[in-house]
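Take a look at the structure set out below.
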Amino acid sequence: MDAELITTELVDLDLAERDRRAAVRSLAQRLVDAGRVTDLELFLADVEKREARMATGLEGGIGIPHCRSAAVTAPTLAFGRSTGGVDFGADDGPATLIFLIAAPEGGGAEHMTILAALARRLVRAEFKQTLTAATDPALVAAYVRQEVAP
């Protein structure tokens, strides 16, 4: 069976880090702990290379850091919610909803499919409101899987 795109352990409803790199590292550590990333530093370097090409902040308080990496074992999505906000380079300010998308280096278009599905949901106020108001990581994981999983 394929690994689920997002699980309870990959949800952080109280992401404390305010710095972009620290926030990504915190979410990436969850990927390592879940066995989805085999080498934290390699993965972080790949995310950083992607960020250097183009900021991954979207209007409306959204951050979607993502990359393909040899350190990723299965297409995975981690979610963090930040009350203080993290700067991902969006024109309208920091992100409070952060989705870290990890795709295997040799993988197909899965991460683009995930990105596209996520982008479609993020324009819906209901999707963002549900994530903003959520209090249970398990419910967040189930909701995101239902809305975004290919």
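The values are calculated or read from the model by the stated rules, or taken from the named source; none is laboratory data. This one's a predicted model, so the numbers in the text were calculated from it and none came from an experiment. We place every Cβ from the backbone using ideal geometry, glycine too, and count neighbours over all the protein chains shown. The area values use the complete protein model at the heavy-atom level, side chains included, leaving out ligands, DNA and RNA. Shrake-Rupley method; radii C 1.70, N 1.55, O 1.52, S 1.80 Å.
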inquiry  = Counting C-alpha atoms alone, how compact is the range 47-126: give Rg to one decimal and Dmax as a whole number, in angstrom.
reply    = 12.5, 36
query = How much of the DSSP beta bridge set in the chain is antiparallel, as a percent to the nearest 5?
reply = 55
note = Computed over the range 57-137, protein heavy atoms only, probe 1.4 angstrom, the accessible area per residue in square angstrom equals 41
ask   = Which three extents, in whole angstrom, do the alpha-carbon atoms of the range 17-83 cover along their principal axes, largest first?
value = 31, 25, 19
inquiry  = How much accessible area per residue does the range 1-47 have, counting only protein heavy atoms and a probe of 1.4 Å, in square angstrom?
reply    = 53
task = Run the dipole for the chain about the Cα centre, Lys and Arg Cβ at +1, Asp and Glu Cβ at -1, nothing else charged, and hand back the magnitude in debye, nearest 20.
result = 240
query = Under Stokes-Einstein, with the Kirkwood radius over Cα pairs standing in for Rh, what whole-number D in µm²/s applies to the chain at 25 °C and 0.890 mPa s?
reply = 164
inquiry  = If I take R0 = 35 Å and measure r between the Cβ atoms of Ala133 and Val32 in this structure, what FRET efficiency does the formula 1/(1 + (r/R0)^6) give, to the nearest 0.05?
reply    = 0.75
